[in-house]
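The values are calculated or read from the model by the stated rules, or taken from the named source; none is laboratory data. Remember, it's a predicted structure, so these values are computed and weren't measured experimentally. Positions of Cβ are generated from backbone atoms using ideal geometry, with glycine treated the same way; all protein chains shown enter the neighbour counts.
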Amino acid sequence: MKKNLQKVMSLLCVSALSLSMLAGCGGGNNGGTTTTETPAATEEASTEAPAAEEKTEDTAEETTEETTEETTEETTEETTEEAAEETTEEASADGESTPRNETLYEAGQQWGTINDWNPMSANSNNGLALSANDVARELVYETLFMFNPLDGELYPLLGTEYSWNDDNTELTVKLNADAKWSDGTAFTAEDVAYTYDTHVKYQSSQGSDFSTYVDAVEAVDDATVLIKAKVEGGKAINPLKVTSMLNTMYMMQKAYLQTVEERNGEDADKVKQDTMEDMAHTGPYAPYISNDQKAVLQRDDNYWGQADSMWGKLPVPKYIAHTIYKDNAAGQVALSQGEVDVCQQFITDVQNLWLEDQLPISTWLDEAPYGQCEAIPSMFFNVEREGLDQKEVRRAIAMAVDYEQIIASAMSGQSPTFDEYPRSIVGPTAGERKYVDFDAIADLQWENADVDGANKLLDDAGIVDGDGDGIREYNGKNLSFKAECPSGWSDWNASMEIVAAAGEKIGIDIQTYFPEASSFYDDMTTCNFDICMWSAPGAGVMNPYSKGMFYFSEEYAKLASNWSGNFGHYMNDDAEAILEAIPTETDEAKLKEYYTELSRILLEECPAVALMYRPQLFYAVNESVWTNFPAADDGRNIPPTDCTDGYGIAALYELELVE
């Protein structure tokens, strides 16, 4: 990891700290891993202490890391001291020990005692080990391929290669002959087929989702899988969605699944609620400790991936551990003290940890925005609300917002600006931006905090303050709305306050409303809001298509409980036609035309408006114990996904102990 001189010197200063921490903390019964069956078990569980244990409805689309992990705990002196005391108590309360020089400590992923290891569960909270998004956590269960958000490619894991037939209706996958289960038996195509069939049979979220696009998964022979896409009019409905199964569905053992079915009488609810603590798995780590103080995974030294056909060696840390912290403040204190090696939390002014405190802490980038920004937290307008059904009102609010203030204060500079990366349907990564002709939509961009332009737009539309009370009216009613997001997500709360302040400057009354997360989820997923905030998915194998769906999909808007996008129920026939055409289009020029047009609609109509860019996962590392973490300039192409997610797990094989 690249370090400046201050960081190098601070490594020397903390060497005594490293020696004093050779014994870690542990204790308790074996625990487990989680899956991406609900947003609360993935994004909120991965970064948000206040919302970590909220449970949500199943979602028809499980492709977001809705990365939506939106809390920042203000770390006052008092809070810091309290958090430090709690951390010390937790570290000494466990009965078992994992040597510090063999243990990689994480923070920001697990917020409570692990409740199951079941990839079919709808209520799993296991953030440490399972998160089957585009960058699925590959520690215990594994997917066929690993997604790398740096280049948008799928890398071999249980599968070695995949290919579509000429008409994109059948996907053939070859498996790694060295792959084995934790019980020593071979991983075969029968396991792949049975995994899929079991998801469908018991209607897990993934089963319900993928069965819309997949007709069948068949074992051709032990090492070959055939995935047949559902076809309409001679074409696969959505080849992109079918491909995404390769890196989002955790593989389960056929024999073990049959045991689970038998002990639960093939009852769907019982099968999905089975804790699966006795599971067979293919990953490099297994459950070791799980209690209300910490969760620990232990390396399986018989892991198949040490074969020459895969990694050729075992991951370096023997243990992956996560203390159960009270909140982000406690996790940040532990990071500062060297008790956490990899921190997946938003840290206000993270640069002060090395510039002012001179700690051996680094981020993906040495300069702002410090992380790999891929997700797009956005405000959605409910177009079924009178006034917000007018695009002039929506666009005027968007124009008046001070985005630079959002980035400077709410995000403490940890987001690129819209001057650097103009608004569109895509995020700021090069892999996505190649799909949009930004010159073609340059005239639709607006200046930051363009209050004069917003007022003129409303005046020209005849939306004026007729009674002199300072608030404009539409159809004789004041334009008065609530802007909401969950309580405690302080960076999002600050963003909504800035939106409300923009409304006041253009004669629109916007009041902020910050309910508990569970109430907000109900409002957002049922379109019971005026303005709400949620995050577009980060980099993924289906992007930028999944972002297009997030903003425009009529299918999502029709869901009774919608976690997937288009929360404001905006309908546009042109956008819908483009979304239907994209999955089967292979011509790059045509795809660029499609995404440019979607961007034009988004900027003209403003059904939703990006407020910032944001990392899909936050990433700060303390190098007092371990070093050689991935960094943007190291040339290794390992993404900043906390050494656990997608191809980011490659980092575990290259870590080194600090001498």
Inset, instruction - Kindly list, by first and then second residue, each pair from a residue in the range 174-199 that is in a helix (DSSP H, G or I) to a residue that is crowded, with 24+ Cβ neighbours inside 10 Å and modelled with pLDDT under 95, limited to pairs with Cβ atoms under 6 Å and residues at least 6 apart or on different chains. - result: His199/Gln206
Inset, instruction - Return only the number of the condition from (1) buried (at least 22 other Cβ atoms within 10 Å of the Cβ); (2) of a type in the set (A, V, I, L, M, F, W, C); (3) over 19 Å from Asn123 (Cα atoms) that Val231 does not satisfy. - result: (1)
Inset, instruction - Report yes if some residue within the range 618-627 is within 18 Å of the chain's Cα centre (by Cα), closer than 26 Å to Ser518 by Cβ and in a loop (DSSP other than H, G, I, E, B); otherwise report no. - result: yes
Legend entry - Tyr551 vs. criteria of a type in the set (Ser, Thr, Tyr) and part of a loop (DSSP other than H, G, I, E, B): no
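Okay, residues lined up against (1) over 23 Å from the mean Cα position of the chain (by Cα); (2) without any contact (Cβ under 8 Å) to a residue 40 or more places away in the chain:
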{"site": "Gln405", "(1), (2)": "yes, no"}
{"site": "Ala408", "(1), (2)": "no, yes"}
{"site": "Gln414", "(1), (2)": "no, no"}
{"site": "Thr417", "(1), (2)": "no, yes"}
{"site": "Tyr421", "(1), (2)": "no, no"}
{"site": "Thr429", "(1), (2)": "no, no"}
{"site": "Glu432", "(1), (2)": "no, no"}
{"site": "Phe438", "(1), (2)": "yes, yes"}
{"site": "Ala442", "(1), (2)": "yes, yes"}
Inset, instruction - Answer yes or no as to whether Thr195 is more than 28 Å from the chain's Cα centre (by Cα), modelled with pLDDT of 95 or more, of a type in the set (Val, Ile, Thr) and not assigned by TED's automatic domain parsing to the domain that holds Gly283. - result: no
Inset, instruction - Identify all residues within the range 589-617 that are more than 20 Å from Gly431 (Cβ to Cβ) and part of a helix (DSSP H, G or I); write none if there are none. - result: Arg600, Ile601, Leu603, Glu604, Glu605
Legend entry - Hits in the range 391-416 - residues which are buried (at least 19 other Cβ atoms within 10 Å of the Cβ) and either β-branched (Val, Ile, Thr) or touching a strand residue (DSSP E or B) at 6+ places or on another chain (Cβ under 9 Å) (or both): Val393, Arg394, Arg395, Ile397, Ala398, Val401, Tyr403, Ile406, Ile407, Met411, Gln414, Ser415
Inset, instruction - Kindly indicate whether any position in the range 583-594 is assigned by TED's automatic domain parsing to the domain that holds Ala396, buried (at least 24 other Cβ atoms within 10 Å of the Cβ), under 23 Å from Cys373 (Cβ atoms) and in contact (Cβ under 8 Å) with a residue 40 or more places away in the chain. - result: no
Inset, instruction - Give the residues of the range 297-337 that are of a type in the set (S, T, N, Q) and either part of a strand (DSSP E or B) or not assigned by TED's automatic domain parsing to the domain that holds Ala620 (or both), sorted by residue number. - result: Gln298, Thr323
Inset, instruction - Among the residues of the range 135-155, write down those that are assigned to a loop (DSSP other than H, G, I, E, B) and not hydroxyl-bearing (Ser, Thr, Tyr). - result: Val135, Ala136, Glu138, Leu139, Val140, Glu142, Leu144, Pro149, Leu150, Asp151, Gly152
Inset, instruction - Could you grab me the full set of residues in the range 611-643 that are closer than 29 Å to Tyr570 by Cα and either surrounded by fewer than 24 Cβ atoms within 10 Å (Cβ to Cβ) or of a type in the set (D, E, K, R) (or both)? - result: Arg614
Inset, instruction - May I ask you to verify whether Phe346 is crowded, with 23+ Cβ neighbours inside 10 Å, in the same structural domain as Arg423 (by TED's automatic domain parsing) and either touching a Lys or Arg at 6+ places or on another chain (Cβ under 6 Å) or not small (Gly, Ala, Ser) (or both)? - result: no
Inset, instruction - With the condition kept exactly as written, say whether any residue in the range 107-119 is in the same structural domain as Met249 (by TED's automatic domain parsing) and at positive phi. - result: no
Legend entry - Boolean, Gly488 is modelled with pLDDT under 95 and assigned to a loop (DSSP other than H, G, I, E, B): yes
Inset, instruction - Mind listing whichever residues of the range 501-529 are buried (at least 21 other Cβ atoms within 10 Å of the Cβ) and over 25 Å from the mean Cα position of the chain (by Cα)? - result: Ala502, Gly503, Ile506, Gly507, Ile508, Ile510
Inset, instruction - Return yes or no: is Ala329 out of contact with any strand residue (DSSP E or B) (no Cβ under 9 Å at 6 or more places or on another chain), under 28 Å from Met524 (Cβ atoms) and either touching a residue at least 12 places away in the same chain (Cβ under 8 Å) or surrounded by 23 or more Cβ atoms within 10 Å (Cβ to Cβ) (or both)? - result: yes
Inset, instruction - Under 6 Å between Cβ atoms, at least 6 apart or on separate chains: pull out the pairs that start in the range 534-555 with a residue that is assigned by TED's automatic domain parsing to the domain that holds Leu602 and end on any residue that is among the charged types (D, E, K, R) and at pLDDT 95 or above. - result: Ala536/Lys547; Glu554/Glu576
Inset, instruction - State yes or no: is Ile406 touching a Gly at 6+ places or on another chain (Cβ under 8 Å) and either under 23 Å from Pro544 (Cβ atoms) or assigned by TED's automatic domain parsing to the domain that holds Glu497 (or both)? - result: no
Inset, instruction - Answer yes if at least one residue in the range 193-215 is touching a Leu at 6+ places or on another chain (Cβ under 8 Å) and hydrophobic (A, V, I, L, M, F, W, C), and no otherwise. - result: no
Inset, instruction - Give me the pairs, please: first residue somewhere in the range 149-164 and on the phi > 0 side of the Ramachandran plot and in contact (Cβ under 8 Å) with a residue 40 or more places away in the chain, second residue anywhere and buried (at least 16 other Cβ atoms within 10 Å of the Cβ) and outside any loop (DSSP other than H, G, I, E, B), beta-carbon distance under 7 Å, and either six or more positions apart or on two chains. - result: Gly152/Gly431
